[in-house]
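A quick write-up on the structure given underneath.
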Amino acid sequence: MCLAMDVPRSIESASCEYYRRVESGGLHRGKNQDAITATCVFLACRQQAVPRTFKELCALTRVPRKDIGRMFKYLKDKLGAADTAAMSSDDLMTRYCANLSLLETAQECAILLGRMARERDTLAGKSPVSVAGACIYMASHLVAQPRDARVISHVAGVSEVTIKNSYKLLYADRALLLSSQILAVDPAASIANLPIP
């Protein structure tokens with residue numbers, strides 16, 4: 001599974017270690033083995049700061065998202081995996097921008113925009129994946145490297161409508177979000193480049 005996800009070798013060994021701990025502790029009895037394996041990989045990815053979403057694991061393993069979520073809570077408590085920090089949109093943006101072939105300036109703008117939106121609670125209650133998609137959409141247009149919401153939705157694994165709805169919230173707060181620091185990242189950055197939702 002680690003090969004299919006294209007993760008570093010350290011994650012593969014960490015997930016194997018988690019699985020050994022599950023077996024030695026007898027935590028695997030009566031549980032779905034595929035869900036255990038997927039959760040061990042998920043925990044290892046979080047521990048190594050290379051987060052993956054439940055949706056990505058579901059696509060690879062055919063294990064329902066609900067089962068992986070339950071197993072994650074169960075194993076996190078039983079294995080004492082408290083050092084697995086919650087995923088943020090910043091963690092996902094680098095990978096998504098690379099998959100979209102965006103330049104570093106667009107990636108930097110997207111990350112800064114995500115932080116500003118988090119500080120201002122512009123996208124409060126939205127999932128990290130939705131926040132990442134909307135920030136990348138806005139940043140790509142801002143620095144004149146536009147990507148269509150459909151393409152971003154394919155890479156991020158959220159719907160085009162979700163990205164556009166989140167973008168509407170960002171656009172409404174653009175005067176306060178787009179600081180001089182964000183606009184200074186790229187000489188081509190301009191608020192005039194933003195599409196009207």
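The values are calculated or read from the model by the stated rules, or taken from the named source; none is laboratory data. This is a predicted model, so every value here is computed, not measured. Every residue, glycine among them, receives a Cβ derived from its backbone with ideal geometry; neighbour counts consider all protein chains shown. Side chains included, ligands, DNA and RNA excluded: accessible areas come from the protein's heavy atoms. Shrake-Rupley method; radii C 1.70, N 1.55, O 1.52, S 1.80 Å.
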Next item on the list: Considering only residues that are open to solvent by less than 30 Å² (accessible area, probe 1.4 Å) and β-branched (V, I, T), look in region 145-184 and name the one that is nearest to the chain's Cα centre (by Cα).
Entry: V158
Notebook entry, point to check: Only one of these conditions is not met by A124: (1) over 29 Å from Q33 (Cα atoms); (2) buried (at least 18 other Cβ atoms within 10 Å of the Cβ); (3) at pLDDT below 90. Which number is it?
Noted result: (2)
Note to self: Looking at region 135-181 only, could you name the residues that are part of a helix (DSSP H, G or I), closer than 18 Å to T105 by Cβ and small (G, A, S)?
What the structure shows: A139, S140, S180
Check: Can you name the residue in region 131-144 that is open to solvent by less than 10 Å² (accessible area, probe 1.4 Å) and not aliphatic (A, V, I, L, M) and, of all such residues, is nearest to the chain's Cα centre (by Cα)?
Finding: G133
Item checked: Some residue of region 79-87 being over 17 Å from the mean Cα position of the chain (by Cα), part of a helix (DSSP H, G or I) and closer than 18 Å to L183 by Cα -> no
Note to self: I'm checking my understanding of the structure. Among residues of region 31-53 that are of a type in the set (K, R) and surrounded by 17 or more Cβ atoms within 10 Å (Cβ to Cβ), which one is farthest from C16 (Cα to Cα)?
What the structure shows: R52
Item checked: Residue within region 54-71 that is aromatic (F, W, Y), open to solvent by 30 Å² or more (accessible area, probe 1.4 Å) and closer than 20 Å to D91 by Cβ present -> yes
Next item on the list: Exactly one condition in (1) crowded, with 19+ Cβ neighbours inside 10 Å; (2) in a helix (DSSP H, G or I) is not met by R115; state its number.
Entry: (1)
